[in-house]
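Right, one structure below, let's go through it.
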Amino acid sequence: MATDHQNPASKQQQPGTSAFKLVIYEQENFQGRCHELTGACNNLQEAGVEKVGSILVLCGPWVGFEQANCKGEQYVFEKGEYPRWDSWTNSRRSDTIAAFRPIKVDSQEHKIVLYENPSFAGKKIEIIDDDVPSFHAHGYQEKVSSVRVQNGTWVGYQYPGYRGYQYLFEKGEYKDTSEFGAQFPQIQSVRRIRDMQSWVIEKIVKMPVLCSSCADKRAVLKRPKTGHSLCKECFFWAFEEEVHQTIMAAKLFRSGERVGIAASGGKDSTVLAHVMKLLNERHNYGLELMLLSVDEGITGYRDDSLETVKRNQQQYELPLKIVSYEELYGWTMDAIVKQVGLKNNCTFCGVFRRQALDRGAIMLKVDKICTGHNADDVAETVLMNVLRGDIARLRRCTSISTTSEGEGVVPRCKPLKYAYEKEIVLYAYFKKLDYFSTECIYSVNAYRGYARTFLKDLESVRSSSIMDIIHSGENLSVRDGVKMPVQGTCSRCGYISSQALCKSCVLLEGLNRGLPKLGIGKHHRLHDKILSQQPLTEKEERKLKLADF
């Protein structure tokens, strides 16, 4: 039911006896003609609403739809003010709302189970009376194809931190993605929908937990790293000062240095940029900070994340340099995947990205690069190198800073080395940082993914597993007599290498010759032929082509 008003309704208007009341303004910031809804409206245009510019929810939660008859993208509204379209969505797909209906809040108790496969099959994550800003931080990294809501009303989000497309889940069963309106089986955060009365009851029934640090404010989280219950302000201070202590203990920087922050737009690099700028000012590091990004050429992924980096540049007022695979190597990852497939594409990307960061750092004339590798990343790398038997990398992978001698190599460091990924997610969420949270579309078969799953399983039975693995890696020693690679330089490009040709040059040679397997595996004996531009034998070419790649 819609009622048309020529003059804007007062934002102080009382909801009266109606269980649901919503006011639509045709212009932003509650200006222009307004229309009042007290019930479902399947077609706003037919009800005389020409445009939705801003929304005032006076009573009850509502769901809006991109298309008439309650179809298309969903937008959940709770009591409050929404002055423009980006206050109710950050999916950036559409700013149109064509239909509304009230949401029935089922009960004060909440329970939802999300399943990996349709028809409630595969791995699952069960959530009871809690909001979860990141499934990934809770060890669930699978897709979500079906959902069973046993109690309460929920809203799921495409990305961590309650971002991206929204999906309303009322009590019942959703056997596949089409039943909750998703194009892709991707949900990475979920929260409860509660009306104001439920909030009041909960506040009366549940005694608030006070912050264990200040003992004054109400705690909003329990730190995964220490188990302490902290308020937001104490958590921010603890997280930031722990990073500061890591920097000071390892003597990562010297006053006057130019430091490039490797920025991908993801949560780790965004938190790193924010914290580095904050600590540089708070503790007077005397650093000149700048952002350095690599464009791998992945359509629908890296182009979107670079838009986030550009916004970060404006938010943090730091210089930004973007280097691309295409300009450095003549290839994009889209083109590489077309040639090599999805089996070993991460090898190409990892090798090229490392060299691209160094080249970008030289262009910026920085003294050091700092990356957003966190404690989870370091522990995963230790496990991967153990499983591969890679002694050389195992020996150096836990180092907080790395330096290599050679042309075009810039020292690197990891200020977030001891920061848990869960805490980085919480810090970004509570700080409301602007970051991009989609996994790379080409990383589905990445070896690291298996190590990550194994690590999460370990952490579920032993909470200190991440730090235990890092400390084990730091204290490993290699016995005398073990043959180790000798660092040299590439005969073609001058980059560091333990072989006549660096990995990047070998991979490029394989791509350019149509022999993508040339850089995968051990083909060092062919390096002399490549350097002297000798043709490969028919047997060698057949072995290196794509047949089983």
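Some observations on this one:
- Filter result for residue 72 (among the small types (Gly, Ala, Ser), open to solvent by less than 20 Å² (accessible area, probe 1.4 Å) and closer than 23 Å to residue 163 by Cβ): no
- Taking the numbered list (1) touching a Cys at 6+ places or on another chain (Cβ under 6 Å); (2) modelled with pLDDT under 90 in turn, residue 381 passes all entries but (2).
- Condition check for residue 120: surrounded by fewer than 19 Cβ atoms within 10 Å (Cβ to Cβ), at pLDDT 90 or above and aromatic (Phe, Trp, Tyr): yes
- Hits in region 446-483 - residues which are open to solvent by 80 Å² or more (accessible area, probe 1.4 Å), part of a loop (DSSP other than H, G, I, E, B) and either closer than 26 Å to residue 263 by Cβ or not acidic (Asp, Glu) (or both): 462, 463, 475, 476, 477, 479, 481, 483
- Residues in region 75-90 that are open to solvent by less than 20 Å² (accessible area, probe 1.4 Å), outside any strand (DSSP E or B) and touching a residue at least 40 places away in the same chain (Cβ under 8 Å): 89 only.
- Filtered residue count, region 340-387, keeping only those that are open to solvent by 30 Å² or more (accessible area, probe 1.4 Å), β-branched (Val, Ile, Thr) and within 15 Å of residue 416 (Cβ to Cβ): 1
- Any hit, region 468-487, residues being within 28 Å of residue 364 (Cα to Cα) and touching a Gly at 6+ places or on another chain (Cβ under 7 Å): no
- For beta carbons closer than 8 Å, sequence separation of 6+ or different chains, a first residue in region 348-375 that is without any contact (Cβ under 8 Å) to a residue 24 or more places away in the chain and a second that is open to solvent by 10 Å² or more (accessible area, probe 1.4 Å) and in a loop (DSSP other than H, G, I, E, B), there are no qualifying pairs.
- Residue list for region 349-388, filter: hydrophobic (A, V, I, L, M, F, W, C) and not in a helix (DSSP H, G or I): 366, 369, 370
- Pairs are defined by a Cβ separation below 6 Å, a sequence spacing of at least 6 or placement on different chains, a first member in region 213-231 that is hydrophobic (A, V, I, L, M, F, W, C), and a second member that is outside any loop (DSSP other than H, G, I, E, B) and at pLDDT below 85; no pair meets this definition.
- Remark: pairs (first residue in region 405-425, farther than 30 Å from residue 234 by Cβ and open to solvent by 10 Å² or more (accessible area, probe 1.4 Å); second residue polar (S, T, N, Q) and at pLDDT below 90; Cβ separation under 6 Å; 6+ apart in sequence or on different chains) = 406/489; 411/403; 412/402.
- All told, residue 193 falls short of being among the hydrophobic types (A, V, I, L, M, F, W, C) and free of Cβ contacts under 8 Å to residues at least 40 places away in the same chain.
- Test: residue in region 238-252 that is closer than 30 Å to residue 130 by Cβ and assigned to a loop (DSSP other than H, G, I, E, B): no
- Reported count of residues in region 298-316, each being assigned to a loop (DSSP other than H, G, I, E, B) and surrounded by fewer than 19 Cβ atoms within 10 Å (Cβ to Cβ), is 2.
- Hits in region 321-350 (condition: under 13 Å from residue 507 (Cβ atoms) and out of contact with any Gly (no Cβ under 8 Å at 6 or more places or on another chain)): 328, 329, 330, 336, 340, 344, 345, 346, 349, 350
- Candidates 179, 173 - the one that is over 20 Å from residue 425 (Cα atoms), open to solvent by 60 Å² or more (accessible area, probe 1.4 Å), at pLDDT 90 or above and in contact with a helix residue (DSSP H, G or I) (Cβ under 9 Å, 6 or more places away or on another chain): 173
- Note on region 102-154: residues that are under 30 Å from residue 23 (Cα atoms) and of a type in the set (S, T, N, Q) amount to 4.
The values are calculated or read from the model by the stated rules, or taken from the named source; none is laboratory data. Quick caveat, the model's predicted, so the values are computed rather than measured. Don't worry about glycine lacking a Cβ; one is built from the backbone with ideal geometry, like all the others, and counts go over all protein chains shown. Accessible surface is based on the protein model in full, side chains and every heavy atom, while ligands, DNA and RNA are left aside. Shrake-Rupley method; radii C 1.70, N 1.55, O 1.52, S 1.80 Å.
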